[in-house]
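Input: a single structure, listed below in structure tokens.
The values are calculated or read from the model by the stated rules, or taken from the named source; none is laboratory data. Predicted model only: the values in this text are computed from it and were never measured. Every residue, glycine as well, gets a Cβ built from its backbone with ideal geometry; the counts of neighbours run over all protein chains shown.
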Amino acid sequence: MRTFAFCPRLYFFERHLGKETTLYQRIRMFLGRIWHALLEALEEEAEVEVRGELAGTEVVGKADVVKEDAVVEIKSGDGPSDGAWYGDYLQASIYAALLGRKKVIIKYRNGERTFEVDLEELERVLELFKLVAEGYLPPPKRSKWCSKCPYKDLCDALGDGWDGWFPRLPYVKRAKGVPARGSSRARP
């Protein structure tokens, strides 16, 4: 889901052509697992497996921490200064919805952000996700990261192909009604 939120076309390529994983990505995933283990030990709470169906989409994953009223996702990197990365928000919100929680807390190195779960938004995004999983080629989400994409040449050859009805997903989810908690400055 995080890849889909970052760039729906990248998700399309990984889903239908196979995912290319770089050494850097594998190292980052390994370090992320270490980060999770350390934070889990400090919180004295374990990951919770999440399985279920939401908006007709099968979901399998692990929520980092489940509290009485919220799902907590712990990220090893910094978040944006105002809000959370949209893919992180979607991941945590899907877990929260399936576990019957109404809030999500996303903990970054530079602070934590709290959001209420928006079921209508999740259903809209999951409908788009299903279309792409079934083979619909979405438009690219052009950004500075395109130059590093392993599918750049193929993506450029296919063109933008934006037909107007596939919405552009945001990079950052901004809080509505629930103030962000924690500092927005990076740690020294």
**Message:** Under 8 Å between Cβ atoms, which residue pairs at least 6 apart in sequence (or on different chains) link something in the stretch 9-29 that is without any contact (Cβ under 8 Å) to a residue 60 or more places away in the chain and farther than 19 Å from residue 160 by Cα with a partner that is among the aliphatic types (A, V, I, L, M) and exposed (fewer than 10 other Cβ atoms within 10 Å of the Cβ)?
**Reply:** none
**Message:** I'd like to verify a number: residues in the stretch 62-105 that are at pLDDT 90 or above, touching a Lys or Arg at 6+ places or on another chain (Cβ under 8 Å) and of a type in the set (Gly, Ala, Ser), how many?
**Reply:** 6
**Asked** Which one is modelled with the highest pLDDT among residues in the stretch 2-37 that are small (Gly, Ala, Ser) and surrounded by fewer than 17 Cβ atoms within 10 Å (Cβ to Cβ)?
**Response** 18
**Request:** Tally the residues that are among the small types (Gly, Ala, Ser) and at pLDDT 80 or above, restricting the search to the stretch 141-181.
**Result:** 4
**Fill in**
Subset of the stretch 100-115, residues closer than 18 Å to residue 63 by Cβ and surrounded by 15 or more Cβ atoms within 10 Å (Cβ to Cβ), comes to 101, 103, 104, 105, 106, 107, 108, 112, 113, 114, 115
**Item:** Only listed residue being out of contact with any Cys (no Cβ under 9 Å at 6 or more places or on another chain), without any contact (Cβ under 8 Å) to a residue 60 or more places away in the chain and not aromatic (Phe, Trp, Tyr), chosen from 109, 101, 113
**Value:** 101
